[in-house]
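The values are calculated or read from the model by the stated rules, or taken from the named source; none is laboratory data. What you are looking at is a predicted structure, and each value in this text was computed from that prediction instead of being measured. Cβ atoms come from the backbone with ideal geometry, glycine included; neighbour counts cover every protein chain shown. The area values use the complete protein model at the heavy-atom level, side chains included, leaving out ligands, DNA and RNA. Shrake-Rupley method; radii C 1.70, N 1.55, O 1.52, S 1.80 Å.
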Amino acid sequence: MTGLHLPLSHRRASTTASPSRPGARLRSLRGKRAADLVGAALLLAIVAPLFALIAGVVLVTQGRPVFFRQRRIGLGGAHFTMLKFRSMRHDVDGAGIASDHMRVTKVGQFLRATSLDELPNLVNVLRGDMSIIGPRPQLEGLIRNHSDDRHLRRHDVRPGISGLAQVNGRNDLDFRSRFEFDVEYVDACSMRLDAAILVRTLPAVLSRRGSSACTAAPAAASRRAASTASVAVPEAEHRRRPVVI
């Protein structure tokens, strides 16, 4: 699939992290936040019937709670509670050792495959925890194991529902590749780039490529590997590779 390549010169021109353009950065962040508020409110209004239907199905098939709440790392390294529709049953053996793919329900598999489990993320956007477009928020433990300086720059912007990594493979990517895309997004962050990612998000969701329902076992293996090793992206490699959306 052919993607839109943003050359290095564009990334330098559009970066929001440039200390020489604090005014431009502030205006960009304000515009992005305003777009997030309007977009999230409109999307929630449009999908309200679907939202209620999914909540009812989860309640009937899995019981309470309807929402899955998890502590993630957001803007500036601050903690927030991310909301998703619950897709897993409670621990099947009561010992706390059942793997994720064993606990995912049939309804949960469908929600994950279609990314409908992430609809409650829109509430996080309204709260100011997240943005519609940005790096996906990560678990605190994963952040600790990948806390090099380049990786921490992910937190210069609000985490997003979709982002560069989500339109370039999602969970098919290893952690190294995902974090590299995240840092590139921070460097090239702009309303134009957000719009381009948004356009590519729907086809990526419909294709189900890299959805968590299709990559449960590999993702679990990746999380185990991530718990014992940290990711370091060579600066030279980062400069060579263009942003691809």
field: Simple spin-label estimate for Arg103 and Ala34 in nanometres, 7 Å along Cα-Cβ
entry: 4.3
query: Top to bottom by accessible area (1.4 Å), largest first, where do His79, His151 land?
result: His79, His151
statement: In the neighbourhood of Ile54 defined by beta carbon distances under 15 Å, the net charge of the other residues (Lys, Arg +1; Asp, Glu -1) is +3
